[in-house]
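What follows is a short report on a single structure.
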Amino acid sequence: VSTATNIAQKKFDNCIMNASGVWCSDENELTELDRSEASSFVTKSGTLQPRKGNPQPRYFPTSLGSINSMGLPNQGLDYYLEVVNRLQQRKPHKNYFVSCTGFNVQEDISLLKKVAVSGFTGVVELNLSCPNVPGKPQTGYDFETVDNILKTVFKSYKGPLGVKLPPYFDIVHFNQMAQILNKYPLAYVNSVNSIGNGLYIDDTQEQVVIKPKNGFGGIGGDYIKPTALANVHAFYQRLNPDIQIIGTGGIKNGRDIFEHILCGASMVQVGTALMKEGPDIFARLTRELKAIMRDKGYEKIADFKGKLQYIE
Ligand SMILES: C=Cc1c(C(=O)O)[nH]c(=O)[nH]c1=O
């Protein structure tokens, strides 16, 4: 059986990789991902200037997932482009993703210009869904701004580009977002980022567990799988077929991956579970997915991708 896939006409020998923000903040972590069974990696979202991010503690793992309010700490886009372009030279047939995010459309354009000038030949992920920068609303919930950003971006950037979206919770919002996204030559849509502004409490200390924003932060893990699957399938149903779906959210075993692909994902990304288990998780997830495919008689992911059945 093969878990190979393709995104933006590029081949990946495995449909499993990391989610931006997890195990991808510096060269060390990116090199560990590069050596793992993951078929690719995506960097932490790079900004125009490096950022320290929010005060710690800003990440907390729970039995069912995680809460984070990192505040977009990153080495700056230039750093990630340098590292990835160097790794790319060592492995010319591998395809990598670089994530970036600006605080307004002009910054997004500047970031993409940096990507183009750097000679990066991989896939760009424009993050429209960071929930943890105090005072900044999630771009992905401002439909007019999303439309304006994509209109402006696709005037100047000609390489393969996908967007990382926040979770939506309303059918009309799926319709409205799909109508906007279908206007642009996107390589893919990546659903979902963390569910923004949740609250996790330590009841023994009667206290929140992260310092920023009085303990409010993005939720990941088991808590968000139903929302992630719904967003993957909603966009799979609505987007034109050359816009692929990357499924992110609640993946910790082969069954979770199988479900994301059944909903229409062409690639899946792992966040919280990778944070807990480390890059060895990719070998386990690949083994588990292959075992499920073998049991069900599927040879390749195209055999079951998007084939979720409804009850008539
Ligand atoms: C890029 C910022 C993000 C962050 C962060 O750096 O706080 N956390 C998330 O869960 N998702 C993000 O997109």
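Antiparallel beta bridges, as assigned by DSSP with both residues in the chain, represent about 40 percent of the total such bridges. Here the sum of -39500 (n - 2.57) over DSSP H runs of 4 or more residues, divided by the residues of the chain, equals -10500 deg cm²/dmol at 222 nm, to the nearest 500. Peptide packing for 261-270, 52-61 was compared via the average number of neighbouring C-beta atoms within 10 Å per residue; ordered from the highest value, the list is 261-270, 52-61. Which links in K91/K290; K11/K155; K91/K113; K158/K225; K113/K252 stretch past 30 Å when you go from one Cα to the other? From the list (K91/K290; K11/K155; K91/K113; K158/K225; K113/K252), the Cα-Cα distance tops 30 Å for K158/K225; K113/K252. Spin-label model, A4/R294: points 7 Å from Cα along the beta carbon direction are separated by 2.0 nm. With the cut-off at 1.5 for a/c, could you classify the stretch 207-294 from its C-alpha gyration tensor as rounded, prolate or oblate? Since a/c reaches 1.5 but b/c is at least a/b, the shape of the stretch 207-294 is classed as oblate. A simple rule links phi to the HN-Hα coupling: the Karplus curve 6.51 cos²θ - 1.76 cosθ + 1.60 with θ = phi - 60°, which for the stretch 219-227 gives 9, x, x, 3, 3, 10, 4, x, 5 Hz, with x for Gly and Pro. A quarter of the convex hull surface defined by the alpha-carbon atoms of the stretch 77-196 gives 7.6 nm² as the mean projection.
Sites listed here are trypsin sites (Lys or Arg not before Pro) in the stretch 145-230 whose DSSP assignment is loop and whose Cβ has at most 15 other Cβ atoms within 10 Å: K158, K183. For the charge dipole of the chain, defined by +1 on Lys and Arg C-beta atoms and -1 on Asp and Glu C-beta atoms about the Cα centroid, which residue among L128, G271, G46 has the Cα displaced farthest towards the positive pole? Checking the options against the dipole of the chain, the answer is G46.
Backbone amide hydrogens, once placed in the peptide plane, bring V270 within less than 5 Å of M17, N18, A19, excluding anything fewer than 5 places away on its chain.
Taking a ≥ b ≥ c as the square roots of the eigenvalues of the Cα gyration tensor, an a/c ratio below 1.5 marks the chain as rounded.
Could you tell me how far the Cα centroid of the stretch 131-155 sits from the Cα centroid of the stretch 235-312, in Å? So the separation of the two Cα centres works out to 27 Å. Rolled with a 1.4 Å probe across the full set of protein chains, the surface gives E288 an accessible area near 60 Å².
Taking Cα centre as origin and charging only the Cβ of basic (Lys, Arg, +1) and acidic (Asp, Glu, -1) residues, the dipole magnitude of the chain rounds to 720 debye. Taking each of K164/K211; K44/K213; K151/K213 in turn, the alpha-carbon distance tops 29 angstrom for K151/K213.
How would you classify the stretch 146-253 from its alpha-carbon gyration tensor, with a ≥ b ≥ c the square roots of the eigenvalues: rounded for a/c under 1.5, else prolate if a/b is greater than b/c, otherwise oblate? In terms of gyration-tensor shape, prolate. Under a 5 Å amide H cut-off, with hydrogens placed 1.01 Å from N, S2 pairs with K300 among residues at least 5 apart or on other chains. Rounded to whole numbers, the Karplus 3J(HN,Hα) couplings from phi for the stretch 235-244 are 6, 4, 5, 9, 7, 5, x, 7, 9, 7 Hz, using 6.51 cos²θ - 1.76 cosθ + 1.60 with θ = phi - 60°, and x at Gly and Pro.
Note on the stretch 1-102: Cα Rg divided by 2.2 N^0.38 Å, N the number of residues, gives 1.15. Here each label is just a point 7 Å from Cα along the line to Cβ, and for H173 and F304 those points are 3.0 nm apart. Taking Lys and Arg as +1 and Asp and Glu as -1, the other residues whose beta-carbon sits under 14 Å from that of R284 total 0.
The values are calculated or read from the model by the stated rules, or taken from the named source; none is laboratory data. Just so it is clear, the structure is predicted and the values come from calculations on it, not from any experiment. So basically every Cβ, Gly included, is an ideal-geometry build from the backbone, and we count neighbours across all protein chains shown. Ligands, DNA and RNA are stripped out before the accessible areas are found, and what is left, the full protein with its side chains, is counted by its heavy atoms. Shrake-Rupley method; radii C 1.70, N 1.55, O 1.52, S 1.80 Å.
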